[in-house]
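The values are calculated or read from the model by the stated rules, or taken from the named source; none is laboratory data. Computed from a predicted structure; not experimentally measured. Positions of Cβ are backbone-derived with ideal geometry, glycine not excepted, and every protein chain shown enters the neighbour counts. Side chains included, ligands, DNA and RNA excluded: accessible areas come from the protein's heavy atoms. Shrake-Rupley method; radii C 1.70, N 1.55, O 1.52, S 1.80 Å.
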Amino acid sequence: MSTQLAQVPATDIEAIGKALEADGGVIALDYLDQRSLAAAREALAAAIADLPWCNTYNAYEDAFFGQKTKRIHGLLNYGETIERILLHPLPAALGRHRLAGEMIMSTGELMAIGPGETRQRLHRDGVSWERANLPFDFLLSVNIALTDFTQDNGATVVVPGSHRWNADRQPEPSEFTYAQMPAGSALVYSGQILHSGGANITDDTRMGLYFGYIPAWLRPLENPVQTHNAEALAALSPSARKLLGLSEEGFVAYL
Ligand SMILES: O=C(O)CCC(=O)C(=O)O
């Protein structure tokens, strides 16, 4: 286990898989090319500008989701670029080996951390399914930097190695690291790793485009039929429909 996250080209799937296994998180460099990065930012710009800060939903806990954070679901409403990013070959390849069967998207979320936001509570995303007590790492998360991620602007705080800890072990501050990375790179991480959104002490907004992938037979957090409009769903490719769990195909185990 390292105290810093490894930084590996997004095309080196084997090295990314190894770092993920060892540390619970890894930075995949150049996850998006510059054109896709610009197109993703452009596709989401108006929607994010129009949202108020602290747009929590369903009376979820504000303190967890952030008072100076904006979040957008229903990301496939925002066009083909986002669909291509959802279908990125890296999670497809990693998921095949890690998720014990075909996978679907659990949730897609644009997470914009604004100036003045404080650090989120450390947590493990996999806790949503803890009662299933699954014996393997069933959630693969990707948080793509749409802006540079720095320690000062809210880069995700990560505790490398904590995906293997007992649930009650608390990290020392010296065990934290920050997923600092240039725009276009991505933090790829396990559902069992302790992490949180970071504090933003700059005047700029940090934007992360998150996709979580789970086995096709688990209940996703997001209901895509509720979060997307009918036209956007009708325009999706068969592969994207499968990833959103809208197709009967894909409910298959490789085991
Ligand atoms: O925005 C981030 O970097 C992470 C946020 C997060 O972990 C969450 O909201 O569950």
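The residues listed here are Ala230, Ala167, Ala179, Ala183; of these, the one that is open to solvent by 20 Å² or more (accessible area, probe 1.4 Å), of a type in the set (A, V, I, L, M) and closer than 22 Å to Arg98 by Cβ is Ala167.
Consider region 130-145 and keep the residues that are at pLDDT below 95 and surrounded by 15 or more Cβ atoms within 10 Å (Cβ to Cβ). The one that is farthest from the chain's Cα centre (by Cα) is Leu134. The strands (runs of 3 or more DSSP E) found entirely in region 1-78 that carry 2 or more residues being at pLDDT below 95 and out of contact with any Ser or Thr (no Cβ under 7 Å at 6 or more places or on another chain) are 69-72.
To keep it simple, each residue is scored yes or no on (1) within 16 Å of the ligand (Cβ to nearest atom); (2) not hydrophobic (A, V, I, L, M, F, W, C).
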{"position": "Lys68", "(1), (2)": "yes, yes"}
{"position": "Tyr78", "(1), (2)": "no, yes"}
{"position": "Leu87", "(1), (2)": "no, no"}
{"position": "Gly95", "(1), (2)": "no, yes"}
{"position": "Met105", "(1), (2)": "yes, no"}
{"position": "Glu117", "(1), (2)": "yes, yes"}
{"position": "Leu134", "(1), (2)": "no, no"}
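Among all positions in region 53-70, there is no residue which is among the hydrophobic types (A, V, I, L, M, F, W, C), under 28 Å from Ser237 (Cβ atoms) and within 19 Å of the chain's Cα centre (by Cα).
With respect to Leu90, is the statement that it is under 18 Å from Glu222 (Cβ atoms) and either touching a residue at least 60 places away in the same chain (Cβ under 8 Å) or surrounded by fewer than 18 Cβ atoms within 10 Å (Cβ to Cβ) (or both) true? If you could, list the steps in order and put the result at the bottom.
Working: under 18 Å from Glu222 (Cβ atoms): no; either touching a residue at least 60 places away in the same chain (Cβ under 8 Å) or surrounded by fewer than 18 Cβ atoms within 10 Å (Cβ to Cβ) (or both): yes.
Considered against the rule, which asks whether it is under 18 Å from Glu222 (Cβ atoms) and either touching a residue at least 60 places away in the same chain (Cβ under 8 Å) or surrounded by fewer than 18 Cβ atoms within 10 Å (Cβ to Cβ) (or both), Leu90 comes out as no.
Out of Gly116, Gly101, one residue alone is surrounded by fewer than 14 Cβ atoms within 10 Å (Cβ to Cβ), in a loop (DSSP other than H, G, I, E, B) and either at pLDDT 95 or above or touching a Leu at 6+ places or on another chain (Cβ under 9 Å) (or both). It is Gly116. Among the conditions (1) in contact with a helix residue (DSSP H, G or I) (Cβ under 8 Å, 6 or more places away or on another chain); (2) open to solvent by 60 Å² or more (accessible area, probe 1.4 Å); (3) of a type in the set (Ser, Thr, Tyr), Ser174 misses just one, which is (1). Residue-level check: of (1) in contact with an Asp or Glu (Cβ under 9 Å, 6 or more places away or on another chain); (2) farther than 23 Å from Leu86 by Cα; (3) surrounded by fewer than 24 Cβ atoms within 10 Å (Cβ to Cβ), Gln151 misses just (1).
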